[in-house]
Amino acid sequence: MKRSIMTTVAFTFITGAIFMGCNSPAEKVENAQDNVVKANLALDKANEEYVEDIENYRKETADKILFNNQSIAEFKARIEHEKRDARYDYNKKIANLEQKNSDMQKRMNDYRAEGKEKWELFKADFNRSMDEMGEELKELNQKTQKSK
């Protein structure tokens, strides 16, 4: 008799443990829905950060382009008193730099969000182009300062 009670208690305990360890289908659905909600929230946050990054970068590049335009205008004013031949060469270089600066602005304005990976590639290429243009401006300014 003791043995049958012990067997029944053990069997009940084991069965209870098995049922407690298993999730019901309703619980599984609820857990899946919670996971989907969390994933959607994370995706929304990542998208907000991505859009914010694009807007911040647009502001930064607008400032750089404005600075380039100011540097070009200052350079134009400085070469007014240069010899005609030198002024002609400088004006060709200035026209080239103005065109590049304008193209950079257009390129930035025309960029449309196409995904984080493409954005990072675009940004890296754009930074390289802006740095090259900055170097060209710097070299041109140094040449005119040396000639004086």
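Numbers for the structure displayed
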{"quantity": "Computed over the stretch 29-148, Kirkwood Rh from alpha-carbon pairs, angstrom", "calculated": "17.2 Å"}
{"quantity": "Net charge over other residues, Cβ less than 12 angstrom from the Cβ of Lys38 (K, R count +1; D, E count -1)", "calculated": "-1"}
{"quantity": "Student exercise, the stretch 29-147 dipole from Lys, Arg, Asp, Glu Cβ charges, in Debye to nearest 20", "calculated": "900 debye"}
{"quantity": "Set of lysines with alpha-carbon distance to Lys116 below 30 Å, sequence-local pairs under 8 removed", "calculated": "Lys38, Lys45, Lys59, Lys64, Lys100, Lys106"}
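Since every read-out is calculated from the coordinates, none of them should be taken as a lab result. None of these values were measured; they are calculated from a predicted model. Cβ coordinates were reconstructed from backbone atoms using ideal geometry, including for glycine residues, and neighbour counts include every protein chain displayed.
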